1. Would it be correct to say that residue 116 is in contact with a helix residue (DSSP H, G or I) (Cβ under 8 Å, 6 or more places away or on another chain), modelled with pLDDT under 95 and in a strand (DSSP E or B)?
2. Could you list, in sequence order, the residues of region 209-222 that are closer than 22 Å to residue 19 by Cβ and either surrounded by fewer than 16 Cβ atoms within 10 Å (Cβ to Cβ) or assigned by TED's automatic domain parsing to the domain that holds residue 74 (or both)?
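The values are calculated or read from the model by the stated rules, or taken from the named source; none is laboratory data. In this text, all values refer to a predicted model and were calculated from it rather than measured experimentally. Cβ atoms come from the backbone with ideal geometry, glycine included; neighbour counts cover every protein chain shown.
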């Protein structure tokens, strides 16, 4: 399936039906609806931007559920469905008002849409700084023990008494192993709980995304078996992200295991 950019949509003539398109949804207005001779209708106007060139055009959602404003600044992927008469669900239109022509892309009820967080574009010529290795022969300075102040004497340590139900200390020359130090309570415990909670959420997200990948792969194989044509990698990525977002909104991630599952887990 050919995925068009917003720049390519702008070059299409009025009435053209693109197979699919993708772009950044930058604005969406409240949905308007009503009743006429043809039945119930609804329209929602938004603005979509090309993530490469920055060109914008108007997007009209017709006869569809309302798109929430939480999807603004996310990447929208919309694709047609194929029927006996060809593709349907998307259409390139133009709105002329007071002599001004506004290019539009209409997304009808038959189209399939998915949202995913927009990936930031790297600045041209920018390179991620690489960590520099330490100079040859350099050694990390080690903390030096501070000698006790002159005239200071270590206070005598009380001798532990041997309980009746324990054996006496070992013979002379034996050294008792040092007791393990317990971490300080309070702030250290709180920081550890934060790290533990974050790790739990991350592992659940990994397992959830792994499950969405398997589901998207199964749908892709089913589509190929039924139509004889494969979908694009962009369509597969958008489909996986849509499943993941849907799972998160329905509380599915909180139900995922908190341990990394094997690759063949189903």
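1. Numbers: in contact with a helix residue (DSSP H, G or I) (Cβ under 8 Å, 6 or more places away or on another chain): yes; modelled with pLDDT under 95: yes; in a strand (DSSP E or B): yes.
Judged against the criteria, residue 116 is a match.
2. Within region 209-222, the subset closer than 22 Å to residue 19 by Cβ is 216-217, 219-222.
Residues satisfying the conditions are 217, 219, 221, 222.
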